[in-house]
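Throughout, read-outs are computed from the coordinates displayed, never taken from laboratory work. What you see is a predicted model, and the numbers here were worked out from it, not measured in a lab. Backbone-built Cβ (ideal geometry, glycine too); neighbour counts: all protein chains shown.
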Amino acid sequence: MTDSTSKKNLKLARTLLVVAVTMFGFGYALVPIYDVLCEWKWIQRDRPDDIKKVPETAYTVDVNREITVEFLTVLNESTPMTFRAETKQLKVHPGQYYSVNFYAENKTNKEMKARAIASFSPALISQYFEKIECFCFSEQTFKAKEAKTMPMRFVINPEIPEQYKTITLSYTFFDNTERSVNN
């Protein structure tokens, strides 16, 4: 091997080492960055789909339109609960108010605090989906082995564009016990 090739290989090896160390450092730094970004205060300020509580408004019901709302429930992998929507799917008319119930049960022998975070598909729908009452507005406390039926009352604003025929509302429950104890 020539001296020039050796220098090029050494430079390449150094560059790759710097890239690898930088990638490792960035990956390591993602955990505290994620913790900072996911503080509940940040979520409440910037995630209106989760916490958009509105007063009940008198809308004109659009009986000529029907939208299917699907309710999905997910548990964070470390959340020892049962969680489900009592109604999996509902056909609704924009402007008409509906109530659905969700069931949650603490599967542990100790008190647990949990919080549900909503997400919509398509995401644009969140601006038309108005919640009047929802268990997702606040952290829920469950006694050991306690089960709860939790209501959610909502309306779909009749100004929703015509092209939307199906809405998926997904709630993910997170065990918040450790975070609540430390705050």
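Structural remarks
- Karplus-derived HN-Hα couplings along the range 156-169 (A = 6.51, B = -1.76, C = 1.60, θ = phi - 60°), whole Hz, x at Gly and Pro: 9, 4, x, 7, 4, x, 4, 5, 8, 10, 9, 10, 10, 10
- Computed from backbone phi with θ = phi - 60° and the Karplus coefficients 6.51, -1.76 and 1.60, the 3J(HN,Hα) list for the range 137-147 is 5, 8, 5, 9, 10, 10, 6, 3, 6, 6, 10 Hz; x is used for glycine and proline.
- The length gained on full extension between A147 and L17, counted as 0.36 nm times the residue separation minus their Cα-Cα distance, comes to 41.5 nm.
- Scanning residues 5 or more positions from I167 or on other chains, those with amide H under 5 Å from its amide H are T68, V69, E70, with H placed 1.01 Å from N in the peptide plane.
- Summarising the amide proton neighbourhood of T108: residues at separation of 5 or more, or on other chains, whose placed amide H is nearer than 5 Å comprise K145.
- Seen from Y97, the other residues with C-beta closer than 12 Å to its C-beta sum to a net charge of -1, counting Lys and Arg as +1 and Asp and Glu as -1.
- Peptides 167-176, 68-77, 15-24 ordered by packing proxy, namely the average of other Cβ atoms within 10 Å per residue, highest first: 167-176, 68-77, 15-24.
- FRET efficiency, 1/(1 + (r/R0)^6) with R0 22 Å, evaluated for E133 and T60 via beta carbons: 0.50
- Global geometry of the range 49-182, whether rounded, prolate or oblate, following the gyration tensor of its Cα atoms and the 1.5 cut on a/c: prolate
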